[in-house]
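Asker: Dropping the structure in here first, questions after.
The values are calculated or read from the model by the stated rules, or taken from the named source; none is laboratory data. Just so you know, these numbers come straight off a predicted model, no measurement behind them. Ideal geometry is used to build each Cβ from the backbone, glycine not excepted, and the neighbour counts take in all protein chains shown.
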Amino acid sequence: MRQEQLDLVLGTQPSRRVVYPYFKDRYAIALLRYVVGDGATIKELRTSRFGRLLDKPFVSTRLSRLGHGRIEPDWLDSQWPAEVCSYVLTLDEWGEDDKHPEDWQTTRTGKNLVLQINFTASHERRYMELIRPDDVHPFVSCAHPTHGGKLRTLSWARIDFELDDGEAVIEEIQTDWLRDARDAYEWCVRGKREHRRWFFRDGEFDRARLRTYYEQVLRPHRAMWDELTLLAAIQFIRDQLGIRRIFYHSYWSGNFMKDMSSWFGPPKSLYTTLPRKFCFRFDFEVPRFVKRAWAESYRPRVMSKRRARWFDWRDTRRKRVGFYILDLD
C-alpha cells in the first residue's frame, strides 16, 4: 500500500499497544459472533459454511448446556474459560515504496501493515531465568518485522489493503521465535544436528533449562500461535479498518506472486489447512487492487520470467494462484 494510507491507519489508532487475551479455539467463538448478527438458530448455523465451528470442543461443550436452539450474541460474548493467555499487540510497517516487491516478499510494490503478537512480562521473566541470553537473543530475527523494543515477538501478520476497494489481503503469518526455539531444542536436547542454525553457538544453551523452557513455558503458545495470529489479523481488519472482505494467500498464490520457491517457502499447512479451519472459501478471484497492480506495473520486462507467465496462464493453471476469501458482515 502507499505510505500515506499506512500513515493514516497508524496515526488513527488510539494506542500502539493493546492487551489481547486468547485461549485455544477462541477463533470459533469470535467468528460465530460475526456470523450470528442479532441471533441465529443452531440449525441455521449447521447448514452454513460456518457449521464446523460448532463442533469445536470449547463450543460444543457449552452448546450442550444452552438449553435451547438459538445462539445470541450476548451468550457468545460471555463464553470465556477460567484461564487464558495474554499477549500484547503492536503495529509496525514493512517494505519500501520504490523497491521491487520480491525484495520484501510482498504481492505488490509498497508497504505492508504489520500486526505483531508479543509476549507479556510473565513470559519475559521465565525466558530470562531459563535461557539467560546476553546481548544476542537466540530466537529473534532482525531481518523480519519483529518488535524493535523490549517486547519479544511471538508471531506477526503482514497485511495489505485498499480502503476504497473495501478489500484486504493477509500476506503472511509467521513465527521466528517458536521455529528457532524448536530447532535449538531439537539440536541441543535431542541431538538432531540438522536443526542447528548458523547463529546458534556451542555451549549457548543449558540442556535442562532449555527443555523446561520449550516443553513447559512455550507449550501453550506452540499449540495455538497460528490461530491466535490469524484471528488477531481478521479482527483488526474487520473492526479497526472496517473491511469486510478478507483475502488470504493460498500456498501456491503466495509462493508464486511473491516469487518464492518451495525450497524456502512457508509451512504448507498455514496456507491450506489453517484458512479452511477458519471457514475461508477457495476461489480464483483476485483482490481488485492486486489485479490493478499486476496489470499496470508488473510488465514482463520488470518481472522474473516465472512471474511474467502468470499473464499467459489458462484456467487449468491459474487455479494454483487462487485465494482464500472470508466475507464478514
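Asker: Any idea which of (1) of a type outside the set (Lys, Arg); (2) surrounded by 12 or more Cβ atoms within 10 Å (Cβ to Cβ); (3) under 27 Å from Ile237 (Cβ atoms) is the one Glu124 doesn't satisfy?
Answerer: Here Glu124 clears every test but (3).
Asker: I've got another one for you. Taking the condition within 21 Å of Met224 (Cβ to Cβ), more than 22 Å from the chain's Cα centre (by Cα) and among the hydrophobic types (A, V, I, L, M, F, W, C), does Trp75 pass?
Answerer: no
Asker: Are any residues in the stretch 9-55 farther than 30 Å from Phe282 by Cβ, touching a residue at least 12 places away in the same chain (Cβ under 8 Å) and outside any loop (DSSP other than H, G, I, E, B), and if so, which ones?
Answerer: Of everything in the stretch 9-55, those that are farther than 30 Å from Phe282 by Cβ, touching a residue at least 12 places away in the same chain (Cβ under 8 Å) and outside any loop (DSSP other than H, G, I, E, B) turn out to be Leu10, Arg17, Val18, Val19, Pro21.
Asker: Oh, and also: Can you tell me which residue is farthest from Arg244 (Cα to Cα) among those in the stretch 21-38 that are modelled with pLDDT of 95 or more and small (Gly, Ala, Ser)?
Answerer: The extreme case among them is Ala28.
Asker: Taking the condition among the hydrophobic types (A, V, I, L, M, F, W, C) and assigned by TED's automatic domain parsing to the domain that holds Ser253, does Leu89 pass?
Answerer: yes
Asker: Can you tell me how many residues in the stretch 139-179 are free of Cβ contacts under 8 Å to residues at least 60 places away in the same chain and polar (S, T, N, Q)?
Answerer: 4
Asker: Can you name the residue in the stretch 132-180 that is out of contact with any helix residue (DSSP H, G or I) (no Cβ under 8 Å at 6 or more places or on another chain) and of a type in the set (A, V, I, L, M, F, W, C) and, of all such residues, is farthest from Gln235 (Cα to Cα)?
Answerer: Val136
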